[in-house]
1. Work from the charge dipole of the range 102-225 (Cβ charges, +1 for Lys and Arg, -1 for Asp and Glu, about the Cα centre) and give the residue of Asn203, Tyr144, His115 farthest towards its positive end.
2. Once the convex hull of the C-alpha atoms of the range 148-238 is built, how many Å³ does it hold per residue, rounded to a whole number?
3. At a 10 Å Cβ-Cβ cut-off, how would you order Leu161, Leu68, fewest neighbours first?
4. To the nearest 20 debye, what charge dipole does the range 85-236 have about its Cα centre, counting +1 at the Cβ of each Lys and Arg and -1 at the Cβ of each Asp and Glu?
5. Between Glu197 and Phe223, what length comes free when the chain is fully extended (0.36 nm per residue of separation minus the Cα-Cα distance, one decimal in nm)?
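Each value in this text was obtained by applying a stated rule to the coordinates, not by laboratory testing. What you see is a predicted model, and the numbers here were worked out from it, not measured in a lab. No Cβ is skipped: glycine too gets one built from the backbone with ideal geometry, and neighbour counts run over all protein chains shown.
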Amino acid sequence: MKIHICFFFEQASNCNLKYFQLWLLVLVSTGMGTFSSSESAAPIQIHGEIGGNVTFPCSVDNQRTVRLFYFQRGSTFVNGYHAFKDMPHDTKPWENTEVNRSENMVHMYRLNTSHSGDYQCHIQYSDTKNTVTIDIRLSVTANYSKPTVITSCEDGGLSCLVTCASHGGYPQTKMKFDVNVNRNSSSRMWRVLNNSEVPDPANKMFNSSSTAQFNCSNGELKFLSCSVGEIISDTFSVCNHVHNTVTPYSPYVIVAVVVCLMVGVLIVMGVWLRHKYKKRQTGAVEGRVNTCTEEVTFLNELTRKETS
């Protein structure tokens, strides 16, 4: 393990990574200093939330005096101090960090996604040139918002699309549907059409969404939900507005419908025939009346001629 620290602050003004690597080689070859390595030890895992604070526990031997305390991220200096000398001018601490000297802990504030990663606490006591290195891994997270559910149906309500969406989370997490249907029929009842995890360019947090299609031929599906990580939506139903679900009709219903249709046809035909019969009778009466009128007119004319 390479520990990028200057132990002798007489050389602080010239201290940089290349210089220290050369100095480390000299120390190791001459036996002037020895180093303890923590490569075999698993890093301490700590967690923080975006916008929050976290403390790095750089445990030390409280019975001994700390001569040098360096907190780094790889070769990047984060914060630290030397008990007997001023820090070099080029070792400016991060503005969102603070070292608690009494406990040798590092506090980090206003966390964001870029702070995730591996850090090292390098500690040297005044009674030795050996250095203790403690590896710490920081995971920065942000809770996603409670998923919102949007449903839209098509094909007369026999097919519905459901979209679950959540925003402002970190790290990247896939949206999942919790559908309580039989495994053997799940592929026929519903399927996921797409998943999307899109980072926000401003803060690098993710917006996660998923759209699924549901087959409503078997009616309403209840108590569904979707989740992103440990954040779960409210339960919802789908296909609950379907009124034209195809169901087999009873033979009695079919017979009743046919009888009603036949009765209706017979009534219409009866009304039509009755109207036609009345029309014919009216025409016959009018014909007889006209004939009688003509005969009376003829007799009257004949009588007038004989009188003359």
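1. Tyr144
2. Working: hull volume 8.6 nm³, N = 91.
Dividing the Cα hull volume of the range 148-238 by its residue count gives 94 Å³.
3. Values: Leu161 15, Leu68 20.
Lowest to highest Cβ neighbour count: Leu161, Leu68.
4. Numbers: 14 positive and 16 negative charges, 65 e Å.
Magnitude of the dipole: close to 320 debye.
5. Values: separation 26, 0.36 × 26 = 9.36 nm, distance 2.52 nm.
Here the answer is 6.8 nm.
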